[in-house]
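Structure first, then comments.
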Amino acid sequence: MSNHKNGQTLTSLEKLNSGQVRHDWDLAEIEAIYNQPFNDLLFAAQNIHRQHFNPNQVQTSTLLSIKTGACPEDCAYCPQSGHYNTGLSKEQLMAVEEVISKAQQAKKNGATRFCMGAAWRSPREKDLDVVLEMVRQVKDLGLETCVTLGMLTDEQAQKLGEAGLDYYNHNLDTSPEYYQQIITTRTYKNRLDTLQNVRDAGINVCSGGIIGMGEETNDRYGLLQQLANMPEHPQSVPINMLVAVEGTPLGDVEKLDSIEFVRMIATARIMMPQSYVRLSAGREDMNEETQTLCYLAGANSIFYGEKLLTTANPEAEADMLLFKRLGIEPERRELDQQELDQQKLDKETLAEETPKVEEQQPAKPLFYDATKPH
Ligand code: SAM
Ligand code: DTB
Ligand code: SF4
């Protein structure tokens, strides 16, 4: 690797901050990025962000819990685990029509992606068939689709891919070492295998983790290392701040320093320059200044709408107001070829149906003219 830029030698930190797409990060390098002076870190992250994204656009996804509670897994952070009493009532899988009506609402509010989450260890075949139908119908509304259903076999991933699923969310959550203190009912390897099945099915991977669970900073580096050293960087990397829910083993864990959270976002941005980094759960407990620093650090995606899966998220109006103050626009979705063709067809049909100029009524003046008697 060349150490020269314009004839000058790059320091090792400059090299780490250079935004090269790599899959061979070691922990010492990640530590060096994360711990550099805050202004240097944010400057490097913002610089890289600008090379790949419009710095004033943020992608918006809306979440819906399509099957809530009574999950057989024992994830220590999760209010939906059946192992803990968090006061959540167990619910059946939602009906397709109800989900579609929520998706229509999300689209009306301006979201571009609709994410459906289920409290399952892995989907049963008959449930998967229902989810496949949800994916098809949400896609037909012109929204991107994402689901998070737990572990998937390669056949299940293939089926979701064939239904047109855009993203599958499956988080690594933390480092392989700390993982064992957080979840005992499935392994880190199980998670990596599911992500491999998702990649093989040609579905975009959405994978990240949670910080603020009492982990060491080393575990944060370990999580980022696992994410960035995958064969491809996940297209979407959600960074969640723990939402501490009473009744879960992490219900009274000490609140995370917000500067640490911003450091995590910036380090993710530097290590995975082309991925969307999502400022995910935990925004309800963050002030606007912290969220603003996250955008400056390269976060360019959020969950949008007043509810995450079972806990609160900022009101959509509050987010739009902050976007306005920051000059941020919600990202519009790029249309695929089929949608572009349809758009062209609609325009042509409209042109055919519109009467020619000579057939049209004389145009009314657009504005009231105060100089003329009316
Ligand atoms: N059951 C599926 C699974 O675990 O893959 C899908 C739903 S699960 C709720 C999706 C993700 O939400 C988890 O992997 C975790 O990262 C995140 N999550 C759950 N509870 C959280 C909490 N209290 N705070 C922050 N993130 C949380
Ligand atoms: C992700 O990384 N965060 C979202 C989504 N993927 C599915 C979930 C956050 C859940 C927060 C706790 C709750 O609302 O139940
Ligand atoms: Fe179940 Fe997912 Fe919650 Fe774990 S995170 S308990 S798998 S819903």
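The values are calculated or read from the model by the stated rules, or taken from the named source; none is laboratory data. All values reported here derive from a predicted model rather than from experimental measurement. Please note: Cβ atoms are built from the backbone with ideal geometry, for glycine as well, and neighbour counts cover all protein chains shown. Note: areas computed on protein heavy atoms with side chains; ligands, DNA, RNA excluded. Shrake-Rupley method; radii C 1.70, N 1.55, O 1.52, S 1.80 Å.
The table for this structure:
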{"read-out": "Test: residue in region 124-139 that is touching a residue at least 40 places away in the same chain (Cβ under 8 Å), within 16 Å of ligand 2 (Cβ to nearest atom) and farther than 23 Å from Lys90 by Cβ", "value": "no"}
{"read-out": "Top-ranked residue of region 235-280 - restricted to ones that are open to solvent by 20 Å² or more (accessible area, probe 1.4 Å), among the charged types (D, E, K, R) and farther than 15 Å from Leu42 by Cβ, ranked as farthest from ligand 3 (Cβ to nearest atom)", "value": "Asp257"}
{"read-out": "Residues located in region 168-186, provided they are more than 13 Å from ligand 3 (Cβ to nearest atom) and either at pLDDT below 95 or open to solvent by 20 Å² or more (accessible area, probe 1.4 Å) (or both)", "value": "Pro176, Glu177, Tyr178, Gln180, Gln181"}
{"read-out": "Test: residue in region 142-156 that is away from ligand 2 (no atom under 16 Å from the Cβ), among the hydroxyl-bearing types (Ser, Thr, Tyr) and open to solvent by 10 Å² or more (accessible area, probe 1.4 Å)", "value": "yes"}
{"read-out": "Qualifying residue in region 65-81 (condition: more than 16 Å from ligand 3 (Cβ to nearest atom) and either free of Cβ contacts under 8 Å to residues at least 60 places away in the same chain or in contact with a Ser or Thr (Cβ under 9 Å, 6 or more places away or on another chain) (or both))", "value": "no"}
{"read-out": "Spans of helices (runs of 4 or more DSSP H) in region 169-287 with at least 2 residues under 25 Å from Gln80 (Cα atoms)", "value": "176-182, 188-200, 217-228"}
{"read-out": "Selected residue [open to solvent by 20 Å² or more (accessible area, probe 1.4 Å) and touching a residue at least 60 places away in the same chain (Cβ under 8 Å)] from Leu293, Leu308, Leu345, Leu321", "value": "Leu293"}
{"read-out": "Residues of region 44-54 classified as without any contact (Cβ under 8 Å) to a residue 40 or more places away in the chain and surrounded by 15 or more Cβ atoms within 10 Å (Cβ to Cβ), total", "value": "1"}
{"read-out": "The lone exception for Ala106 - which of (1) of a type outside the set (Asp, Glu); (2) touching a residue at least 60 places away in the same chain (Cβ under 8 Å); (3) outside any helix (DSSP H, G or I); (4) crowded, with 17+ Cβ neighbours inside 10 Å it fails", "value": "(3)"}
{"read-out": "Selection from region 15-67 of residues that are closer than 28 Å to Asn218 by Cα and β-branched (Val, Ile, Thr)", "value": "Val21, Ile30, Ile33, Ile48"}
{"read-out": "Which numbered condition Asp129 misses (of (1) open to solvent by 10 Å² or more (accessible area, probe 1.4 Å); (2) assigned to a loop (DSSP other than H, G, I, E, B); (3) not basic (Lys, Arg))", "value": "(2)"}
